[in-house]
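Please read the structure below before turning to the comments.
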Amino acid sequence: MFALYSGVNQLIVAVNKLDTVQWSQQRFDEIRVKLLAFLTKHAGFRESDITFVPCSGLIGDNLTTKPDKLELTKWYNGATLLEAIGITFSLYCVITYTCNFIGHRS
């Protein structure tokens, strides 16, 4: 509820590590159903304000570019994580470069 009271009115849930279960739609749906129940009943979000995005942070699938894994593309054709957030790739590169530059300062 803190998020709602802080002004957060939309939520993007990155369902990570789906590559470890061969991009199982069943596993994605299980996670989605459980989190959706919690977020709508206990955190006060509306279902229409929550977006779920399957991804793999380790190998980078569906983070910045559309996936090419058949196991995922046969059931998911939605946004990448950055598209869902609304960050363009060029802004992502600037943020990444800036963070890397700042992180490596002596």
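Summary of computed values
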quantity: Gain in span if fully extended, ARG27 to VAL8, counting 0.36 nm per residue against the direct Cα distance; calculated: 4.1 nm
quantity: Calculated FRET efficiency for the pair ALA37/ALA79, C-beta based, R₀ 30 Å, to 0.05; calculated: 0.85
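Each value in this text was obtained by applying a stated rule to the coordinates, not by laboratory testing. Note that the coordinates shown come from a computational prediction; the quantities given were computed from them, not determined experimentally. As a convention, Cβ positions derive from the backbone with ideal geometry for all residues, glycine included, and neighbour counts pool all protein chains shown.
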